[in-house]
Amino acid sequence: MKISPVKSALLGGICWIIAGCLLHPLPVDLKWGIWLFLLAITTSQLGLSHIPEVLAALITSIAGLMTAGLHFVLAFRSSLPRNARRCWFIAAMALSFSMVLSALYGARFYLQIAWLDIPWMRALHGSANALGFGGAGMIGWYLASRK
């Protein structure tokens, strides 16, 4: 059975919010942000307008780059353990890379980047987030807590 991108986005968002609320109540602004992003993808998929999706992707990418910047600050703070700082540097590089990809993918309606499709985003953006930012970042925080 094939699920349309709109149904997939809505189903994924609903499952994510339900799981998040069961495990830990989400802040109201995060819940609204998720729904607004899903609305933007839906309007784009229905052919109504691409502008909400582009704006949502750019805003999310900027927030991710700001988070990467905080990890760069930690990576260069000499008072913290060296191995933790190395992990945070890797995490910051991976998040920066994935957020640039996210911004490019969000602007795909206005830029000529035909090669950057969902399979490539899953491989590059998803792997950089999961392994680079998530994995290296968690190891860095673990190492810093052992100080």
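The values are calculated or read from the model by the stated rules, or taken from the named source; none is laboratory data. Quick caveat: nothing in here was measured; it's all calculated off a predicted structure. Positions of Cβ are backbone-derived with ideal geometry, glycine not excepted, and every protein chain shown enters the neighbour counts.
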Against the condition among the aromatic types (Phe, Trp, Tyr) and either under 16 Å from Ile62 (Cα atoms) or part of a helix (DSSP H, G or I) (or both), how does Phe109 come out, does it pass? no
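Yes or no, residue by residue, for (1) more than 25 Å from Leu55 (Cα to Cα); (2) of a type in the set (Ser, Thr, Tyr):
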site	(1), (2)
Cys87	yes, no
Ala92	no, no
Ser102	no, yes
Tyr105	no, yes
Leu116	no, no
Ala136	yes, no
So which of Ala136, Ala144, Ala130 ends up being in a helix (DSSP H, G or I), modelled with pLDDT of 85 or more and loosely packed, with under 14 Cβ neighbours inside 10 Å? Ala130
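Which residues, taken from the range 69-87, are farther than 14 Å from Ala130 by Cα and assigned to a helix (DSSP H, G or I)?
Gly69, Leu70, His71, Phe72, Val73, Leu74, Ala75, Arg82, Asn83, Ala84, Arg85, Arg86
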Would a scan of the range 100-111 turn up a residue that is over 19 Å from Phe37 (Cα atoms) and either touching a Lys or Arg at 6+ places or on another chain (Cβ under 6 Å) or polar (S, T, N, Q) (or both)? no
Give just the number: which of (1) assigned to a loop (DSSP other than H, G, I, E, B); (2) within 20 Å of Thr43 (Cα to Cα) does Ala114 not satisfy? (2)
